[in-house]
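Step one of this worksheet: look at the structure below.
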Amino acid sequence: MQLSINPNTDEISGIGSDGNENRNADVSGDLQQKVIPITNKILLCSSDEGIAKRWQESLSEVGELTAVSSREMLISKLNTYQTGVVLVDLELFNKDYREIPQSLCQRFTDVAFIILSATPNDVEGLYLISHGVKGYCNRYISKALLVKAVELVRMGEVWVGRSLLFKLMSRLSSVSPPKGEDQARESDIESKLSKLTDREREIAQLVGSGDSNKVIAKKLDITERTVKAHLSSIFRKTSTKDRLQLGLLINS
């Protein structure tokens, strides 16, 4: 997917297999989680009335909203309320993000949790995503991006910022396969890449380096539309779903 950054939120945009934009990162491999059943029920949890109101206004047309204002109320509601997506203000955990996996993700495995932080950072985000959280972003995220984040995580995808995405890619690509599978894996990767034309391989390498469509177009002196067309072909030939999976393939 294309990594174009919103200047206010540092959220990422993606290009799916059809070449169209999607703001998400579909994390595969060891971090892949099962697809979350789509439901219109969304649970919001923040003790900050202003933040809660902001989220409610942003998501008013996305689904059936229920709001709670404490950790105790959140746990109680999760035990009785069937929901696919839960937005959690990190302030409820006194900014101790390490409590979240055990308190939420491991107990409610069918729920997609989006953690919103007042001061997002990659260390915090990497830990949360690596331990089951499906989305991590700024609690002041814009309405349009919050809607997109919710839509994507309840389909089983992951929402993160650009710099965090590359840390996830690095972690995934550094995971060693089981003994004896190295050669088979290398052969499979080369088989997929061999299907690409010289231009497609060049673009794939740039994607693996983290370049956006705009940057690639400028480097190769072609239009972004042409880049998107090449990407659609590359995704199809390499059996990759988006830029993250392609990046992992290139960097394996």
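The values are calculated or read from the model by the stated rules, or taken from the named source; none is laboratory data. Treat the numbers as computed from the prediction; the structure is a model and nothing was measured. Neighbour counts run over all protein chains shown; Cβ positions are idealised from the backbone, glycine included. These accessible areas exclude ligands, DNA and RNA; they are computed on the full protein's heavy atoms, side chains included. Shrake-Rupley method; radii C 1.70, N 1.55, O 1.52, S 1.80 Å.
Worth a mention:
- For segment 239-246, backbone phi angles converted through the Karplus equation (6.51, -1.76, 1.60; θ = phi - 60°) give residue-by-residue couplings of 6, 9, 8, 7, 5, 5, 5, 5 Hz, Gly and Pro being listed as x.
- Per-q log10 I(q)/I(0), segment 123-169, q = 0.19, 0.26, 0.29 Å⁻¹ (Debye; single scatterer per alpha-carbon; no solvent): -0.58, -1.02, -1.18
- Whole-number accessible area per residue in Å² for segment 193-248, which is evaluated in the context of all protein chains at 1.4 Å: 49
- Expressed as a whole percent, the accessible area of segment 46-176 that falls on carbon and sulfur atoms is 45 (1.4 Å probe).
- Sorting 48, 110, 242 on solvent-accessible area from highest to lowest, probe radius 1.4 Å, gives 110, 48, 242.
- Taken one residue at a time, the phi angles of segment 86-103 give Karplus couplings (6.51, -1.76, 1.60, θ = phi - 60°) of 10, 9, 10, 6, 4, 4, 5, 9, 6, 6, 8, 5, 5, 7, 5, x, 6, 6 Hz. Gly and Pro are set to x.
- With the biggest extent put first, the Cα atoms of segment 191-252 measure 28, 19, 18 Å across the principal axes.
- Solvent-accessible area of residue 140 with every protein chain in place, 1.4 Å probe, in Å² to the nearest 10: 110
- Cross-link pairs beyond the 28 Å C-alpha cut-off, checked among 134/241; 134/218; 167/192; 41/167; 53/241: 134/218; 41/167; 53/241
- Calculated FRET value between residue 81 and residue 209, using beta carbons and R₀ = 35 Å, to 0.05: 0.20
- Along segment 112-129 the Karplus relation, 6.51 cos²θ - 1.76 cosθ + 1.60 evaluated at θ = phi - 60°, assigns HN-Hα couplings of 9, 9, 10, 9, 10, 10, 6, 9, x, 8, 5, 4, 4, x, 4, 4, 5, 5 Hz to successive residues, with x for each Gly and Pro.
- Shape of segment 55-143 from the C-alpha gyration tensor: oblate (a/c of 1.5 or more and a/b not above b/c, with a ≥ b ≥ c the square roots of its eigenvalues).
- Heavy-atom accessible area for residue 60, with the other protein chains in place and a 1.4 Å probe, reaches approximately 70 Å².
- If you plug the beta carbon distance of residue 41 and residue 198 into 1/(1 + (r/R0)^6) with R0 = 51 Å, you get a FRET efficiency near 0.55.
- The residues 54, 236, 71, 139, sorted by heavy-atom accessible surface at 1.4 Å with ligands and nucleic acids left out, run 236, 54, 71, 139 from largest to smallest.
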